[in-house]
Amino acid sequence: MTNVFSPITLRGLTIPNRVWMSPMCTYSAAADGEHIGQPTDFHLAHYSARAAGGAGLVMVEATGVAPEGRISPFDLGLWSESQVEAFGRLAGAIRAGGAVPAVQLAHAGRKASVNPPWLGGNPVNQAAGGWQAMGPSTVEFPGFPAPESLTHGQIADVVSSFAHSARLANQAGFEVVEIHAAHGYLLHSFLSPVSNLRDDEYGGSLENRARLVLAVIDAVRAVWPEGRPVFLRVSTTDWINENPDDDRRAWSVEDTVHLAGWAKERGIDLVDASSGGLEPALIPESRDYQVDKAAQVRARSGVPVAAVGRISDPEWAAELIRDDAADAVFIGRALLRDASWTNNAAAALGAQPRFLHQYDYAL
Ligand SMILES: Cc1cc2nc3c(=O)[nH]c(=O)nc-3n(C[C@H](O)[C@H](O)[C@H](O)COP(=O)(O)O)c2cc1C
């Protein structure tokens, strides 16, 4: 029986526990000028607090691999040498807090160029500092402008942008990179037959729709140190097949199981199993709505899986690891509200909180 506060080793990296901070955009980077895309002092404070609060790994939010790959103008981005130093300070602050520094590399695809949620989440047009969004086809995300369909040359640029960004993340001192292939962003939009209507080698069959993601994995693996893990965040379902009133063929758990197997062969060490985001959908209200699908992918593919979604009860987190439903848990909103969620969970479960003297757990 595995304990949620026991370490896990992936390749040459040992992560001190299995409670990890899920990637969450803070939309707090500079939108333009010489500091565009760089982490600020806010990011240092925000992420190092969650690290010192006990998380085993801190996954820095979606970070654009190219300017047009950002979701909003205020996203982090890592595409130039000039950005490495600021990311290096962030990785160092997370490490000083006792957590493994990790970063999620992303391309927003057809969901790019929008305002942060608290400014309405609506598209930003080019006159207001936005940019043309791109996708596999010209099928738009409902309510957004139609994306441009990527040419073969642009697809090659996307692949090399992910690799370049991974190389810079390594220079900055991150120990894990995660490729974002979930939530309807570019890589997921290639995977799903709802958004991908291409008739070339990137569309049609499951193998063809997976071709871009697998090429990105190969390119990242080629530059990322052999001894360090690469994670893949996926949506296990678009929630379209689950809707009895919608008979479109969409992305499913079955497809995810195939993708996980191929991804592992290419050098992915862990699948981070989220769901949805391709288009607005009906999502069940049950606590295990998403975690249950993560467990299915783990059991059926044999690939290590992290579960995420509505995990806010330490006892349940411990149970998921103990029952082999997942190898680790990502905590999202609970960690936004309480930077010490992990330490408090450790104390409640009889494990040792991090910095127990400084934070007065020992007295
Ligand atoms: C404010 C906010 C920002 C998010 N940004 C990202 C992101 O950058 N990348 C990502 O893969 N998921 C993102 N997510 C999804 C979370 O990582 C997580 O999967 C989701 O919130 C479900 O977990 P929870 O119920 O523990 O919050 C975000 C969620 C929130 C609430």
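Numbers for the structure displayed
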{"item": "Residue list for segment 115-138, filter: of a type in the set (S, T, N, Q) and either assigned to a loop (DSSP other than H, G, I, E, B) or closer than 14 Å to residue 75 by Cβ (or both)", "result": "115, 122, 125, 132, 137, 138"}
{"item": "Filter result for residue 321 (away from the ligand (no atom under 12 Å from the Cβ), touching a residue at least 12 places away in the same chain (Cβ under 8 Å), buried (at least 23 other Cβ atoms within 10 Å of the Cβ) and over 17 Å from residue 181 (Cβ atoms))", "result": "yes"}
{"item": "Residue within segment 330-353 that is within 26 Å of residue 257 (Cβ to Cβ), more than 16 Å from the ligand (Cβ to nearest atom) and of a type outside the set (Asp, Glu) present", "result": "no"}
{"item": "Tabulated pairs, segment 261-274, first under 15 Å from residue 327 (Cα atoms) and within 16 Å of the ligand (Cβ to nearest atom), second polar (S, T, N, Q) and not in a helix (DSSP H, G or I), C-beta under 7 angstrom, 6+ apart or interchain", "result": "273/236; 274/235; 274/290"}
{"item": "Residue count, segment 231-258 (criterion: surrounded by 17 or more Cβ atoms within 10 Å (Cβ to Cβ), touching a residue at least 12 places away in the same chain (Cβ under 8 Å) and away from the ligand (no atom under 16 Å from the Cβ))", "result": "7"}
{"item": "Subset of segment 265-318 that is of a type outside the set (Asp, Glu), surrounded by fewer than 16 Cβ atoms within 10 Å (Cβ to Cβ) and part of a loop (DSSP other than H, G, I, E, B) - its residue that is modelled with the lowest pLDDT", "result": "282"}
{"item": "Matching option when the condition is of a type outside the set (Asp, Glu), surrounded by fewer than 21 Cβ atoms within 10 Å (Cβ to Cβ), closer than 30 Å to residue 270 by Cβ and without any contact (Cβ under 8 Å) to a residue 24 or more places away in the chain, among 126, 154", "result": "154"}
{"item": "Unmet criterion (only one of (1) away from the ligand (no atom under 15 Å from the Cβ); (2) on the phi > 0 side of the Ramachandran plot; (3) surrounded by fewer than 24 Cβ atoms within 10 Å (Cβ to Cβ); (4) not hydrophobic (A, V, I, L, M, F, W, C)) for residue 27", "result": "(1)"}
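The values are calculated or read from the model by the stated rules, or taken from the named source; none is laboratory data. This is a predicted model, so every value here is computed, not measured. Heads up, the Cβs are rebuilt from the backbone with ideal geometry, glycines too, and the neighbour counts pull from every protein chain shown.
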